[in-house]
Amino acid sequence: NQHAYFGVLDTSNLQSDDIIWEREMLVSGKEVRVKLWAREGVALPEEALDAYAKLLTRLPELDALARPELVKYLKEHADFIGEYMAAVEDGHDYPTVKALLQSALRVGQTEIAPEDFESAMQLRSISLWCPSYDEEEEDDSEVVFDYRIDPETSDQILAVKFDAQGKLELIAWES
């Protein structure tokens, strides 16, 4: 399978869901791993690959769209930050969270502000999921930006999900 942007995409040895293309790309001044995923036995739709190729030229714009939505999410789901704060108080090694908490305490706050927490979150990876057109799956044909804090010691992710055209669909707490 040959594509103008992605080049040769070999799907012959796929096992279930697998990465068929990956690159380090610069997003908002930082290197981010971008992966194209496909499913065993499913053809790669040319229109989806074309949409993803176009979307890859807009990564900084999508990161900028995602960040205020992350702040809203953190305000609505205070337990995400709360779990990190409790873990730091219990001695877990989350240096960024610890520094954010110390900064908050220095200015008389008892909690980390969602805006401060979001600005410390790192975009670690972007996954492009080739559609399978499986009616049983709700999250079909999506682009997922994985944001993490203290990724060396924490597996918690806020996954910002876009459609293939770059429309933000939802944010999910994953690990």
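The values are calculated or read from the model by the stated rules, or taken from the named source; none is laboratory data. Keep in mind the model is a prediction, meaning the values are calculated, not measured. All Cβ positions, even for glycine, are placed from backbone atoms using ideal geometry, and neighbour counts span all protein chains on display. The protein model used for the area step is the full one, side chains on, heavy atoms only, and it has no ligands, DNA or RNA in it. Shrake-Rupley method; radii C 1.70, N 1.55, O 1.52, S 1.80 Å.
Being small (Gly, Ala, Ser) and over 18 Å from TYR147 (Cβ atoms): is that true of ALA78 here?
No: the conditions fail for ALA78.
Comparison of SER16, SER28 shows that the only residue that is over 18 Å from the mean Cα position of the chain (by Cα) and on the phi > 0 side of the Ramachandran plot is SER16.
Quick check on TRP37: is it touching a strand residue (DSSP E or B) at 6+ places or on another chain (Cβ under 8 Å) and either buried (at least 19 other Cβ atoms within 10 Å of the Cβ) or part of a helix (DSSP H, G or I) (or both)?
no
GLY108 passes every criterion in (1) exposed (fewer than 13 other Cβ atoms within 10 Å of the Cβ); (2) modelled with pLDDT of 95 or more; (3) part of a helix (DSSP H, G or I) apart from (3). Across the stretch 142-163, a minimum of one residue is classified as more than 30 Å from ARG39 (Cβ to Cβ), open to solvent by 20 Å² or more (accessible area, probe 1.4 Å) and more than 13 Å from the chain's Cα centre (by Cα). Being within 19 Å of the chain's Cα centre (by Cα) and of a type outside the set (S, T, N, Q) is a description that does not apply to ILE112.
Residues in the stretch 121-135 that are surrounded by 14 or more Cβ atoms within 10 Å (Cβ to Cβ) and not in a strand (DSSP E or B) were compared, and the one that is modelled with the highest pLDDT is MET121.
Among residues of the stretch 1-12 being of a type outside the set (A, V, I, L, M) and surrounded by 15 or more Cβ atoms within 10 Å (Cβ to Cβ), the one that is modelled with the lowest pLDDT is ASN1.
Could you tell me whether PRO151 is touching a Ser or Thr at 6+ places or on another chain (Cβ under 6 Å), touching a residue at least 12 places away in the same chain (Cβ under 8 Å) and not charged (D, E, K, R)? Judged against the criteria, PRO151 is not a match. Within the stretch 13-32, the residues that satisfy the criterion of being open to solvent by 80 Å² or more (accessible area, probe 1.4 Å) and modelled with pLDDT of 90 or more are ARG23, GLU24, LEU26, LYS30, GLU31.
Pairs linking a residue in the stretch 1-19 that is among the small types (Gly, Ala, Ser) to a residue that is not in a strand (DSSP E or B), with Cβ atoms under 7 Å and 6 or more positions apart or on different chains, are SER16/GLU40.
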